[in-house]
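Inspection log for the structure reproduced underneath, given as structure tokens.
The values are calculated or read from the model by the stated rules, or taken from the named source; none is laboratory data. Just so it is clear, the structure is predicted and the values come from calculations on it, not from any experiment. Backbone-built Cβ (ideal geometry, glycine too); neighbour counts: all protein chains shown.
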Amino acid sequence: MDFNMKKLASDAGVFFTRAVQFTEEKLGQAEKTELDARFENLLSRADCTKNWTEKIFRQTEVLLQPNPSARIEEFLYEKLDRKAPCRITNGELLGQYMQDAGKDFDPGSQYGSTLIKVGECERRLGGAQREFIQTSAISFLSPLRNFLEGDWRTISKERRLLENRRLDLDACKTRLKKAEAAEAKAASVPKARLYGDIVLAEQELRVAQTEFERQEEVTRLLLEGISSTHVNHLRCLHEFVEAQAAYYKQCHLHMQDLQKELGRFPNAFAVNSVHSMVSASPPLPGGLGSPVEADTLKIEEVQAPATGTRKAKVLYDYDAADSSELSLLADELITVYTVPGMDSDWLIGERGNQKGKVPVTYLELLS
């Protein structure tokens, strides 16, 4: 108990001495041991690394998981060393809703079947997103978190210890100066006692200087390790970019496949648009617009001429689904014609030596 009380009293005395030294330095009443320029540069570089790593880490978390409640939940599971439950992505949930709606509406109808196809694609996109999140969390987020919670905490602890050693050193320097000043001014004080004070102050100064230099070297080595941290984070950054590129590529392929599947029914939108125009248009001269007139208008809008060749302007890009079709680029001009027995939704398109089927609704027929 006595030992503990003595230790507490000693620690309190050291704390008070450091507080006095720090206050006097701030008031300009005491000198401060300055670190060399290279060490200061290391400190500045370390602070910069910590600040930006923290910002990048937080924003990457938001990118991968925009829901703050979900992030907190995952953080708690991680701290409890428990595996978080597998969370369904928004894309997967949307895809499930679309598929269920398509089955409920009628899988045989065009709307129902299209909902099912789009739903399948959305679920694949959601699955790709989940894989990207998991990969990025392991290859990019974890190293950043390990630095902030591991290496940086160690650096911060050693820096605080170095600051304490510096305060102790400067306090010893102050005591030695006061002892030397007292010896010079107080001639009436026995020199033996004054000399003893100076010897004690010099001894404390040597010990404090040794401890400060040792701690400075330890802190310097840790700060120089920031370069290795940058190399490691650079490798992780490359892995993050690769994962992101693979994710977007996979999404692009899924969407291309979906477009090709939907492109096999290219007249759906045109037919619906024409029916809407007919139902919304005023009566034609000579009476109300009849179903026959509506059908005639639809044929004129989407079908090619029965015979002969015509020029056509491509309205949208189109990727050929197989070798029998011709890929199209928006705004290009091609030659089109029909052949006997051919589906009215398609024409034969020619571009130089290339030839293949093209969907009518992707074209604007020119006179």
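Just to be sure before I move on: is Ile198 assigned to a helix (DSSP H, G or I), modelled with pLDDT under 90 and surrounded by 15 or more Cβ atoms within 10 Å (Cβ to Cβ) in the structure I sent?
yes
Residue by residue, here is whether (1) in the same structural domain as Ala46 (by TED's automatic domain parsing); (2) without any contact (Cβ under 8 Å) to a residue 60 or more places away in the chain; (3) surrounded by fewer than 18 Cβ atoms within 10 Å (Cβ to Cβ) holds:
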{"site": "Phe132", "(1), (2), (3)": "yes, no, no"}
{"site": "Ser136", "(1), (2), (3)": "yes, no, no"}
{"site": "Ser139", "(1), (2), (3)": "yes, no, yes"}
{"site": "Leu144", "(1), (2), (3)": "yes, no, no"}
{"site": "Glu149", "(1), (2), (3)": "yes, yes, yes"}
{"site": "Arg153", "(1), (2), (3)": "yes, yes, yes"}
{"site": "Ser156", "(1), (2), (3)": "yes, yes, yes"}
{"site": "Arg160", "(1), (2), (3)": "yes, yes, yes"}
{"site": "Asn164", "(1), (2), (3)": "yes, no, yes"}
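Looking at segment 1-81, what helices (runs of 4 or more DSSP H) fall wholly within it and have at least 3 residues that are modelled with pLDDT of 80 or more and out of contact with any helix residue (DSSP H, G or I) (no Cβ under 6 Å at 6 or more places or on another chain)?
37-64
Within segment 307-334, count every residue that is surrounded by 14 or more Cβ atoms within 10 Å (Cβ to Cβ), in contact (Cβ under 8 Å) with a residue 40 or more places away in the chain, within 15 Å of Glu261 (Cα to Cα) and not hydrophobic (A, V, I, L, M, F, W, C).
1
Check segment 89-109 and report whether any residue there is modelled with pLDDT under 95 and within 30 Å of Asn146 (Cα to Cα).
Scanning segment 89-109, I find at least one residue that is modelled with pLDDT under 95 and within 30 Å of Asn146 (Cα to Cα), so the answer is yes.
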